1. Which of (1) over 20 Å from residue 103 (Cβ atoms); (2) touching a Gly at 6+ places or on another chain (Cβ under 9 Å) is the odd one out, the single condition residue 16 does not satisfy?
2. Of all residues being outside any helix (DSSP H, G or I) and free of Cβ contacts under 8 Å to residues at least 60 places away in the same chain in region 107-121, which is farthest from residue 24 (Cα to Cα)? Just the residue, please.
3. Of the residues 43, 8, which is at pLDDT below 95 and either within 20 Å of residue 108 (Cα to Cα) or surrounded by 16 or more Cβ atoms within 10 Å (Cβ to Cβ) (or both)?
4. What do you reckon, is residue 92 closer than 19 Å to residue 115 by Cα and in contact with a Leu (Cβ under 8 Å, 6 or more places away or on another chain)?
5. All but one of (1) modelled with pLDDT of 90 or more; (2) of a type in the set (S, T, N, Q); (3) under 13 Å from the mean Cα position of the chain (by Cα) hold for residue 77, so report the exception by its number.
6. Given the conditions (1) within 13 Å of the chain's Cα centre (by Cα); (2) modelled with pLDDT under 95; (3) on the phi < 0 side of the Ramachandran plot, which single one is not true for residue 90?
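The values are calculated or read from the model by the stated rules, or taken from the named source; none is laboratory data. Everything numeric here is computed off the predicted structure, so don't read it as measured data. Because the Cβ atoms are built from the backbone with ideal geometry, glycine has one as well, and the counts that use them run over all protein chains shown.
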Amino acid sequence: TGLVMLVAIAGQRHCVGLRMVGDILHLNGFRIIFLGSDIPGDALLGAIESRRPDVVALSFTMDSATMSAGSVVADLSNTFPDVSLLLGGQAVADEYPHAGRVAISNDLHAISGITQDLIETA
């Protein structure tokens, strides 16, 4: 099983869905690190560096932060090319621009399989 870090970046204060994802993944055997909501970029980078998760799950629920989501994904993909990213939340659409090892899902029923696929294709 893999290690999954769950986080809502700075400006994202709603994390109920993120907790649900964490619970589902935990019940399916994944190890979970829950950072919470409104996490500043430098704290997120430090946490990834020190814990080295297989997947970082990012929640984007507030439309106002959609503009910064693309830069967050690009920065994380460039800084940690060996870490897969899983995006979800109301502010993420299927056509959301992404690069590298990134999956997008708002389907709680599929989340474990998608996460496992990210880990296996790493």
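1. (2)
2. Applying the first criterion (outside any helix (DSSP H, G or I)) to region 107-121 yields 107-110, 121.
With free of Cβ contacts under 8 Å to residues at least 60 places away in the same chain added as a condition, the list becomes 107, 109-110, 121.
Values: 107: 11, 109: 9, 110: 10, 121: 21 Å.
Only one residue tops the list, namely 121.
3. Numbers: 43 fails: either within 20 Å of residue 108 (Cα to Cα) or surrounded by 16 or more Cβ atoms within 10 Å (Cβ to Cβ) (or both).
One residue alone meets the criteria, 8.
4. Numbers: closer than 19 Å to residue 115 by Cα: yes; in contact with a Leu (Cβ under 8 Å, 6 or more places away or on another chain): no.
So residue 92 does not fit the description; no.
5. So residue 77 meets the others, but not (1).
6. It fails just one condition, (1).
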